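Quick notes on the structure that follows.
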There are 6 protein chains.
Amino acid sequence: MKNWLNSLKTSTPQEGFELAIKLSQKGVEYTQPSEEIRKKLRPKYSRDAEDLIFASQVIAINFQTVAAANNYWK
Amino acid sequence: MKNWLNSLKTSTPQEGFELAIKLSQKGVEYTQPSEEIRKKLRPKYSRDAEDLIFASQVIAINFQTVAAANNYWK
Amino acid sequence: MKNWLNSLKTSTPQEGFELAIKLSQKGVEYTQPSEEIRKKLRPKYSRDAEDLIFASQVIAINFQTVAAANNYWK
Amino acid sequence: MKNWLNSLKTSTPQEGFELAIKLSQKGVEYTQPSEEIRKKLRPKYSRDAEDLIFASQVIAINFQTVAAANNYWK
Amino acid sequence: MKNWLNSLKTSTPQEGFELAIKLSQKGVEYTQPSEEIRKKLRPKYSRDAEDLIFASQVIAINFQTVAAANNYWK
Amino acid sequence: MKNWLNSLKTSTPQEGFELAIKLSQKGVEYTQPSEEIRKKLRPKYSRDAEDLIFASQVIAINFQTVAAANNYWK
């Protein structure tokens with residue numbers, strides 16, 4: 001896969017949260033590289049409350065990593 | 001998305017917990033941006049015991065991050 | 001919500017574990033504020049082995065936070 | 001509940017793992033205090049592979065806490 | 001249970017990963033001590049993609065503990 | 001199993017993320033050593049949105065470990 005992650009540093013917590021979202025999406029992409037298949041799945045999980053909670057959980061876990069990498073933007 | 005997260009610092013543990021809730025909700029919002037769809041899902045998951053436990057788990061994970069960022073309000 | 005969390009400090013590990021339980025319950029309460037609805041759900045999840053394991057997991061995650069806040073009661 | 005947790009310190013990693021199991025069980029007990037109901041649930045979850053994996057996960061999370069409290073028995 | 005865990009120290013990251021697997025299995029064993037029952041469950045979960053992902057997650061959580069105990073083999 | 005993990009050190013965060021993916025796959029491999037069976041499972045889980053989210057979660061947990069081992073590539 002081409003270069004997509006050079007640093008865990010971000011300027012603000014919000015950018016860090018958005019990086020956590022990107023990491024979560026990349027975890028899906030590496031597991032299912034076909035964009036076509038992923039797009040087909042989107043209408044399902046994005047309207048399923050439980051899947052949305054699970055997606056938010058992955059983001060939360062990645063945000064822990066990004067926040068630690070940025071010393072919590074202290 | 002417009003600015004919504006400037007800092008992980010809060011005055012009290014309770015405000016930190018409430019920030020953890022906000023982070024958990026934002027993880028859902030970024031994944032499903034339509035407020036209309038999210039509102040339709042609410043009656044379901046908010047009356048499903050398992051979904052409530054899962055939601056509480058995401059909050060717990062985000063609270064770990066917020067608590068660390070505040071040095072546990074020591 | 002009125003004041004319910006002033007500190008993560010507790011005198012003993014057991015009180016810390018009980019605080020972790022409270023945090024886990026609060027995560028549910030913020031998501032479903034109606035006590036009436038929550039009470040209706042209780043007979044179901046409290047007799048479902050999987051839900052009990054999931055509830056114990058949320059408590060475990062919150063206990064990590066409380067234990068760290070108390071320097072593991074060393 | 002009567003006194004059951006005075007310290008997270010253990011002599012060995014194995015005792016620490018066993019304490020993690022106890023913490024995981026206590027999370028269930030606080031949520032479902034009736035020993036009678038818990039006993040009825042046991043035959044089900046202890047023969048369900050997925051539930052056993054979930055139980056092992058709660059133990060793993062609690063073991064992280066106990067291990068940290070013991071400075072990893074270094 | 002007889003002695004099976006004297007130390008979290010390992011010579012290499014790979015041995016650490018294998019210890020994490022052992023810890024994950026032990027979490028199952030303590031919950032279901034009957035080897036006969038566990039063996040019956042194996043054909044099911046080891047051919048269920050979701051269960052394999054869940055098993056890998058428990059290993060990942062235990063590997064965090066083992067890696068920290070070894071100062072990440074730095 | 002033959003040697004596959006000598007170090008948690010990587011040159012870049014992206015290589016670290018890819019190592020986290022490898023660790024997640026290895027967790028599955030150790031649990032189900034048959035490549036034939038694993039290949040049969042792939043079409044199912046790689047087209048199931050929930051399974052992809054779960055896979056991304058395991059990667060996120062392993063990435064926490066790898067990132068810590070690399071001092072977050074600071």
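The values are calculated or read from the model by the stated rules, or taken from the named source; none is laboratory data. All figures in this text were calculated on a predicted structure; none of them were measured in a lab. We place every Cβ from the backbone using ideal geometry, glycine too, and count neighbours over all the protein chains shown. Heavy atoms of the whole protein, side chains included, go into the accessibility calculation; ligands, DNA and RNA do not. Shrake-Rupley method; radii C 1.70, N 1.55, O 1.52, S 1.80 Å.
Is segment C:13-73 rounded, prolate or oblate when judged by the Cα gyration tensor, a ≥ b ≥ c being the square roots of its eigenvalues, rounded requiring a/c under 1.5 and prolate requiring a/b larger than b/c? Could the numbers behind the result be given before it?
Values: a/c = 2.98, a/b = 1.80, b/c = 1.65.
Prolate shape, in that a/c is at least 1.5 and a/b is the bigger ratio.
Taking K and R as +1 and D and E as -1, what net charge do the other residues with C-beta under 11 Å from the C-beta of B:D51 add up to?
Numbers: positive: B:R42, B:K44, B:R47; negative: A:D48, A:E50, A:D51, B:D48, B:E50, C:D51.
Result for the local shell: -3.
So what is the accessible area of segment D:1-56 per residue, in Å², with the probe set to 1.4 Å? Each step should come with its number before you reach the end.
Values: 2850 Å² over 56 residues.
Averaged over the residues of segment D:1-56, the accessible area is 51 Å².
As a test question: what accessible area, to the nearest 10 Å², does B:M1 have when a 1.4 Å probe is rolled over all protein chains in place?
Roll a 1.4 Å probe over it and B:M1 shows about 120 Å².
Indicate the gyration tensor shape class of the protein assembly as shown (rounded, prolate or oblate), computed on the Cα atoms with a ≥ b ≥ c the square roots of the eigenvalues: a/c under 1.5 is rounded; otherwise a/b larger than b/c is prolate and the rest oblate.
On the way: a/c = 1.14, a/b = 1.00, b/c = 1.14.
Verdict is rounded for the protein assembly as shown.
Relative to the other copies, what are the label-point distances for C:R47, with labels 7 Å from Cα along the C-beta vector, expressed in nm at one decimal and sorted shortest first?
In ascending order, 2.0, 2.0, 3.4, 3.4, 4.0 nm.
Residue by residue through F:41-48, how many Cβ atoms from other chains fall within 10 Å of the Cβ on average? Present the calculation step by step, with values, prior to reporting the outcome.
Working: counts 7, 3, 1, 3, 7, 9, 6, 6.
Going residue by residue through F:41-48 and averaging, the value is 5.
So what's the angle, to the nearest 10 degrees on a 0 to 90 scale, between helix E:13-31 and the longest Cα principal axis of chain E?
So the helix axis and the longest Cα principal axis differ by about 40 degrees.
Return the calculated 222 nm mean residue ellipticity for chain A, to the nearest 500 deg cm²/dmol, obtained by summing -39500 (n - 2.57) across DSSP H runs with n ≥ 4 and dividing by the residue count.
Here the helix-only value at 222 nm equals -23000 deg cm²/dmol.
Taking all protein chains as present, what is the carbon and sulfur share of the accessible area of segment C:13-73, in % to the nearest whole number, probe 1.4 Å? Provide the component values of the computation, followed by the final result.
Details: 1090 of 2260 Å².
C and S atoms contribute 48 percent here.
For A:Q32, what charge total do you get from the other residues with a beta carbon under 14 Å from its beta carbon, if Lys and Arg give +1 and Asp and Glu give -1? Mind showing how you got there, number by number?
Working: positive: A:K26, A:R38, A:K39, A:K40, A:R42, A:K44, F:R42, F:K44, F:R47; negative: A:E29, A:E35, A:E36, F:D48, F:E50, F:D51.
Taking every Cβ under 14 Å from that of A:Q32, the sum is +3.
Return the value, in Å² to the nearest 100, of accessible area buried between chains E and F (probe 1.4 Å, both sides summed).
Numbers: alone 5820 and 5820 Å², together 9090 Å².
In total, this chain pair buries about 2600 Å².
Give, as a single signed number, the net charge of other residues whose beta carbon lies under 13 Å from the beta carbon of A:K22, with Lys and Arg counted +1 and Asp and Glu -1.
-2
Roughly how far apart, in whole Å, are the Cα centres of segment A:16-33 and segment C:41-74?
Cα centroid to Cα centroid, the span is 28 Å.
At a probe size of 1.4 Å, how large is the accessible area of D:W4, to the nearest 10 Å²?
30 Å²
What's the FRET efficiency of B:S11 with E:R47 using the Cβ-Cβ distance as r and R₀ = 45 Å, to the nearest 0.05?
0.30
Given A:L41, F:A20, E:F54, which one lies farthest toward the positive end of the charge dipole of the protein assembly as shown, if we put +1 on the Cβ of every Lys and Arg and -1 on the Cβ of every Asp and Glu?
With unit charges placed on the Cβ atoms, the residue in question is F:A20.
Among all lysine pairs in chain F that are eight or more places apart or on different chains, how many have alpha carbons less than 15 angstrom apart? If you can, show how the numbers build up before the last one.
Numbers: F:K2/F:K22; F:K2/F:K26; F:K9/F:K22; F:K9/F:K74; F:K26/F:K39.
Count of close lysine pairs: 5.
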